[in-house]
1. Counting Lys +1, Arg +1, Asp -1, Glu -1, what net charge surrounds residue 76 among other residues with beta carbon under 13 Å of its beta carbon?
2. Using 7 Å Cα-to-Cβ label points, what is the residue 183/residue 73 separation (nm, one decimal)?
3. Cβ under 11 Å from residue 481's Cβ, residue 481 left aside: what net charge do those residues give with Lys, Arg +1 and Asp, Glu -1?
4. For residue 495, list long-range residues whose amide hydrogen, built 1.01 Å from N in the peptide plane, is under 5 Å from its own amide hydrogen.
5. Calculate the dipole size of the chain relative to its Cα centre from +1 charges on Lys and Arg beta carbons and -1 charges on Asp and Glu beta carbons; express the result in debye to the nearest 20.
6. Going Cα to Cα from residue 307, which aspartates and glutamates come in below 19 Å? Please leave out same-chain ones fewer than 8 positions away.
7. Which far-off residues, 5 or more places away or on another chain, put their amide H under 5 Å from the one on residue 409, with H placed in the peptide plane?
8. Please give the peptides 448-457, 329-338, 270-279 ranked by average Cβ packing (other Cβ atoms within 10 Å per residue), highest first, as a rough proxy for protection.
Amino acid sequence: MKQEFKKWKTDPIDRRDFLKKTGGIMGLAMLSQLPFGSFVLADNQDFSFAIIADTHIDPYNPARSERLRTIFNEISNTKANFVLHVGDMVEAGFAEEYQEFDKILPAELKGRVYGVPGNHEVRWDEWAGELYEDLFGESQYSFDHGGIHFIALDPTQLLQEPGYFTASQLDWLEKDLKKTGVHTPVVVYLHYPIGNNNYYIINENKFFEVVERYNVRAVFTGHIHREEVWKQNGMTLISLPAAKDSAVYHWVEKKNAANGSPILAIYHAEINGSSPSGKTLLVEILLEGVKPAQFEKPKLVHFTGPKDASGTGSLHVELSPKSSIQSVQYQFWPEDTYAGKNPGDWQDLIPAKSSRLQWRGNVHTSDMALGVYLLQVRVTNTQGEFWDEFQEVSIDKSEGIISKSRMNWVQELRSPIQSDLIVVQNGASALVVASTMDGEIVTLNLDDKGKTTWSYKTRAAIIGTPAVNKKQDRIFVGSADHTLYALDTQSGSLIWTCKLPKPILGTLHYIETEASGIVLIPVGRMIAGVNAETGSLLWSTQIEGLSAGKPASDGRFAFIGAGDGKVRALDAATGKVIWTKPLAIKDAPYRTLLYSPWASKAAVLPKGPNDRQLVLVGDVTNAYALDCATGAEVWRLKGGFLYSSPLILSEPEPLLILADEWGKVFAVEPATGVVRWMITTQQRIFNASPVLANGMVYVTGVNGLITGLNPKDGSVVDRYHFSTGYTYSTPASLGNILFAAGQDGKVRAVTVNARSL
C-alpha cells in the first residue's frame, strides 16, 4: 500500500519552484550534457581555461559576491574555453545562495562553468544532492578537450565534512580511464587536496592505486584555501587559494614547450582594484614522457608484525635501480587527525650495507591497539618529488603469544554505512540490520556468521537509522528517495510506503501507543507523524530549519532540534507546537545553522527528583538538559555534543555517558549535570554513540578505533582498531560481541575483551 502525502504545510523553499524562478539549469550545465560535436577540440590543439576554488557565495556576505563578479568579468573577456570550479561554490547549500551565484555569472560564461561539489554543498544539504544535480548536472563526469581527458571526481559524503572514495566511484573511475587508454594525458579535479600532508580523504590510497597505470598528469583541488604545489605518484598536484578571500584564480594554457613537447602552463592570477590581473607562472606540467617520481615507486613493501611482547615489527622496502633516492620513510596514517593537515610522524628507514636499493627498519607498535592499520611508505627523490605506497597491515601479537582473533566474521556490503546498526529478533534468531548509502537495508543472521537473511533496495541513500516497533515484527526505514518504508522483520517484504515531500535524512523514532504506534520522521525542515500500522499521515509540522538528527519522545511530547537554532516540543498525537527554546540564533542563516542542533540526537532522560523529566539535546558548543514540560534549561555541559546520542545507564544508579566530537567521554548525573568522570580517547567521535557491551561502555572513534571504558571510573579496559576507514555508525551489541560498520561498507563482528589493551 502506498500512502501519498497530502495537505503538507508549505515549505518556505520549494525546490521546483526555485528552479522555475532561476530559469531551470541556470546555464551551468556540465560538459557531459553538452553536444560534444560542437565542443571537443582536435588532438594537440592549444587552448586555455581558468580554475576557481572556494567562492563560498552567501547573500549575507556581499564582498564575496563582488570578488567572484570581478573574476568572472575578467575571464569572460579572455579566450578561456571553459572555467572549472573545484567546489565550495556556496556557503551552506541554501537555495538562495545558488540564486546569488546565478546572478553573478555573466551571460558570456553561462554553459561554460563546470564544477564539482565541495563539503559546503553537502554538509547541510537537505535535498541530498537533488538541488545540486538539478542546477549543475552529475557531480562526477568526464570529457575530452584538445587532446586532454578531464575527470571530475566527487568524493564528498552527504552530511559529513571530509571525503571518501566509494567502491562504486572507484569502479567508475577505473572504467573511464580504461576507455581513455594509457597514453592520453589526464587532468583530474576534485574539492579535497590529496596526498602530501593532507588527510581529508582517508582512503586516498585507493585513488592512487587506480590512476597509477594511466597518464594522469595534473590534479587540481581546493578546500584548504591555500596555494600549494607538490609532485607525487607521477602527478603534479595543485591546491588553489580561496576566491572568497581575494579575487584570485588559476589560468591554464595547453601549449607546446620550446622542445615541442605538450605542456600545461599554470599561472597564478590575482586582480587588485580595477587593474587586470598579473599572471605569474606557477608551474609547467609535461603531458608526456617521464612522470614525477615515476621510478620511486617501491618494487616491494614487506611488513612483519611484532612476534613478542616488545611490540617491535620490521619493514623492508625494495626500490628500482632507476630510482634517485633522497630518503625512505614510513608512518601509520595519523590517528589523531580527522579531515585536516598533519606533518606526520615519519620514521626513517636505513639502506642495507650491501645494496642502496634495500631499505629496512624496526617498526614500534607497543603503544598501538591490536587491529588493522594503514601503513604509508614515502620514497623521496633528489628533486623533492616523492611516491607514497600504502599497505593495510595487521597487528595481532600481544604479550608474547598469538592472540585469538577478535574478528568473528566480516560481511562486505560494498556501500558506505552511515546509519547505526541495530539488532532485532527474528523468531529464535537475532539479526543485525545495516543500511547503506546505496539505499539498501540488509539483515545479517548472527547464527550463520552474518550471512544475509534478506535485503530490500530503496531508490536513494539511507542515512538515518531505521526504527523498530515494540513487537519487533516491523522495521521502518526512511530513504533519501522521499519515502518511508515499513518492512516485515522476518521476510523483508514490503508492508506499506508513505511518500514525503523531501529526502529523509534524519533518524526515525517509534512511539508505542495503545492504538497502533507513531513513527516520528524528520523530513527536511519539518517533522511528521505517521501511523505505524497503516502508513497514513497523522500530522506534519514546519520547523523552519534543517533537521537531520533524531527526535525523542516521553510518550506525550515529541522533541526535535533544527537548523534554525531552536528546539521544539510538539504534541506527539497532533504535531502542535507546545514550546520553542532558542539555543543559537546568530547574525546570518549559515552561522545559525552551524551552531544549531540540526543533527542533535535528542534523548529523554530518567525522571529525577519531584518526578521531573528532562530532554537532552546538543549542539557544537553544549549539551542542554531542558524541562520536558516547559523547555526551561535545567543544566548544560560544555562540549561538542551535536552528533552523538547519550547512553543511559540505570544501574546501580542513573548515569549518562556522553561522547563529544573531540573524543572526550563524560559520565554525568542526569538530574543535575554533575560530571562523575571524564576521559579523552585517541580519536575524534562523529555520529557514533556510546553503547554497552558485556557490562562495559564502548565508544567508536571516527578513524576506526573502539575503546572500552569501565562505567564506574572511565578507565580504559579495552581497545581494538577494527577499520582503516571513516566510521560514523554506532555499533550494535549482543553479549560480548560488537557489530561495527563504517564507510568501507563492511560489517564486522568483534569480540569485546576487557583484558586486551
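1. Numbers: positive: 69, 79, 110, 112; negative: 74, 108.
Its environment carries a net charge of +2.
2. Each label point is offset 7 Å from its Cα along the Cβ direction, giving 4.7 nm.
3. Numbers: positive: 457, 459, 499, 502; negative: 130.
So the environment of residue 481 carries a net charge of +3.
4. Under 5 Å from the amide H of residue 495: 486, 487, 488.
5. Numbers: 73 positive and 83 negative charges, 104 e Å.
Here the size comes out at about 500 debye.
6. Residue 307 reaches 367, 392, 396, 399.
7. Long-range HN contacts for residue 409: 749.
8. Numbers: 448-457: 15.3, 329-338: 19.1, 270-279: 12.0.
Final packing ranking: 329-338, 448-457, 270-279.
None of the figures in this text is laboratory data; all of them are computed from the coordinates on show. This is a predicted model, so every value here is computed, not measured. Because the Cβ atoms are built from the backbone with ideal geometry, glycine has one as well, and the counts that use them run over all protein chains shown.
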